[in-house]
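Remarks on the structure that follows.
The values are calculated or read from the model by the stated rules, or taken from the named source; none is laboratory data. Only a predicted model underlies this, so the values are computations on that prediction, with no experimental measurement involved. FYI the Cβ positions are ideal-geometry reconstructions off the backbone, even for glycines, and counts take in every protein chain you see.
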Amino acid sequence: MVDIDGQCTAPFGAVKDAFASNFEHNGDVGASVAVTIDGELVVDLWGGTLDVAGTTPWERDTIINVFSTTKTMSCLSLLVLASRGLVDVDAPVERYWPEFGAAGKGNVLVRHLLSHTAGLPGWDQRLDGVDLYDWDKVTSLLAAQATWWEPGWKSGYHGISQGNLVGEVVRRVDGRSVGRFFAEEIADPLGADFHIGTGPEHDHRVALVIPAPPLVFGSADGTKEPDRSSIPYRAANPRLVAEQSWEIPWRRAEIPAAGGHGNARGVALAQSVVSAGGSTRGVELLSKEIVERIFDVQAAGRDLVLGIGVTFGVGYGLNSPRAPISPNERVCYWGGWGGSLVVNDVDAGMTMAYVMNRMGEGTVGDDRAHTILRAVYASLDSSALR
């Protein structure tokens, strides 16, 4: 049996049981989970080890790269600016980033960036993974190229590019990089241990992901040559391997779509401002209007890149009949390559976050986080918290 450390209030015992079960039955190696209600922690658990051999324990302050769960932090940063009246999500991106208007992109709106509907899911120029360490290079290339489809028509998951697009708008409006803005305006005030660009002072507590088998493009058995002209193939640029996240340059760089480091507690505390309605722990970050705007559906249907049905609001994926994750309506979420997940339930005032080191297969994770989420809702149903 794996030792589980931390705290879990009485109504949420089922969450601890589900978390422990993931180690016994679902292959977890090291992980953490946290739940907030109205911004206050009711579950804060961690367990397992940093390595498959089981030699180094996962500690309270262990942090790890959470891949696309990072997107919720960069999008939240831009929504904070919108709440302050400094950004209009319905305005053209070129209003804040003039160079972006090149190649006929005057019809790309800020909300298109936030909902993966901008038509810029990748770069026209082939890139290497290390190119992501050069902010000016990758943002300039995006500013110069044309969209791949009519903005707003459909979603096509902007797996890496969304972070650069959203982050550059933050930088143009505020003057600070998105990583610095997030740290100073969101993470520090909320006491959230999450970093977009992780300094050397944190290296001693960074866990490394345990990669899953590589993704195969083309047929399931890898024998079919992929269609190199297809949107999914072109969007997989640069082609990343999970091991790149082990590198110090990756850790230091601001990669606001995929490079964030944190633990479940840090993810949950940062995102709890959404589920709490815009203000939590004495910190007001989002207006009521912007919280509601998150749930304004921007795209619903088969995503051009992911190839599955997804509903996107402004900054987050949304609960929907085609991909239900909650019994409640006003629920927004996203997760990361390998299995990390954060869910904000505004109706319940609840945020759940899960991060882990052993990556599941595929781009949209596996059932470990959802096993825990089901236990959270079972606990809510059986308690008098709401």
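For this structure, a couple of remarks:
Here's the yes/no breakdown for (1) assigned to a helix (DSSP H, G or I); (2) at pLDDT 95 or above; (3) farther than 30 Å from SER272 by Cβ:
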residue: GLY119; (1), (2), (3): no, yes, yes
residue: VAL138; (1), (2), (3): yes, yes, yes
residue: THR147; (1), (2), (3): no, yes, yes
residue: PRO151; (1), (2), (3): no, yes, yes
residue: GLN162; (1), (2), (3): yes, yes, no
residue: VAL166; (1), (2), (3): yes, yes, no
residue: ARG180; (1), (2), (3): yes, yes, no
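- Residue within region 51-61 that is crowded, with 21+ Cβ neighbours inside 10 Å, more than 30 Å from ALA143 (Cα to Cα) and hydroxyl-bearing (Ser, Thr, Tyr) present: no
- Only one of GLY360, GLY365 that is surrounded by fewer than 21 Cβ atoms within 10 Å (Cβ to Cβ), of a type outside the set (Ser, Thr, Tyr) and modelled with pLDDT under 95: GLY360
- Qualifying residue in region 66-76 (condition: in a loop (DSSP other than H, G, I, E, B), in contact (Cβ under 8 Å) with a residue 60 or more places away in the chain and surrounded by 23 or more Cβ atoms within 10 Å (Cβ to Cβ)): yes
- Where a residue in region 347-360 is in a strand (DSSP E or B) and its partner, wherever it lies, is acidic (Asp, Glu), with Cβ under 6 Å and at least six apart: MET356/ASP28
- At least 2 residues being closer than 19 Å to TRP149 by Cα and modelled with pLDDT of 95 or more is the threshold, and among the helices (runs of 4 or more DSSP H) wholly inside region 230-317 those reaching it are 231-235.
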